[in-house]
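The values are calculated or read from the model by the stated rules, or taken from the named source; none is laboratory data. Everything quoted here is computed from the prediction, not taken from an experiment. Don't worry about glycine lacking a Cβ; one is built from the backbone with ideal geometry, like all the others, and counts go over all protein chains shown.
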Amino acid sequence: MSHLENYYKYYNLSGVPARILKGEEHYNLYKKPLKEKSSKRPRVIVWRLNATHQADLAEMPVDPKGFHYFLVVVKIAGKKVDVEPPKDKTANRVLNGFVKIYRRNRIKPYT
C-alpha cells in the first residue's frame, strides 16, 4: 500500500457522523451548501438588447505564449460571452482587447 493510500485509509472523514465533526475545522468541507433562491439573486433590468454589457479583466496561470490576463465581456440580455487575452493590463492593450471583441460581432456594442 502506498503512502497516499495509507493516508486516505486512516484520515478519511466520509464515514464520521456530522455530530462528531460539528466543532472541527474541516466540518465545512463535508457540509452541503444551501441552495440559492432565485429571489436572492440581483436582478438586472435591460431596456434595450445591446444596452448592458459586463466586463472583467482576470489573471490566469502563466501561458507559454506570454499571456497573463484575459478580458471577458458578457452581454447581459442574451447571455453571450467573448474573451480576449491581453499580455498585460495596460490601458492600450485592454482597449485593443475591447476593439477585437466588438469587431468579431458576437457581442455588438450599444449604438
Consider only pairs whose beta carbons are under 9 Å apart and that are at least six residues apart or on different chains; among these, list those whose first residue lies in segment 88-111 and is surrounded by 13 or more Cβ atoms within 10 Å (Cβ to Cβ) and whose second residue is modelled with pLDDT of 95 or more and basic (Lys, Arg). none
Filter segment 58-82 for residues that are surrounded by 14 or more Cβ atoms within 10 Å (Cβ to Cβ) and under 15 Å from the mean Cα position of the chain (by Cα); which is farthest from residue 106 (Cα to Cα)? 69
Can you tell me how many residues in segment 64-92 are hydroxyl-bearing (Ser, Thr, Tyr) and assigned to a loop (DSSP other than H, G, I, E, B)? 1
Can you pull out every residue in segment 41-59 that is among the β-branched types (Val, Ile, Thr) and touching a strand residue (DSSP E or B) at 6+ places or on another chain (Cβ under 9 Å)? 44, 52
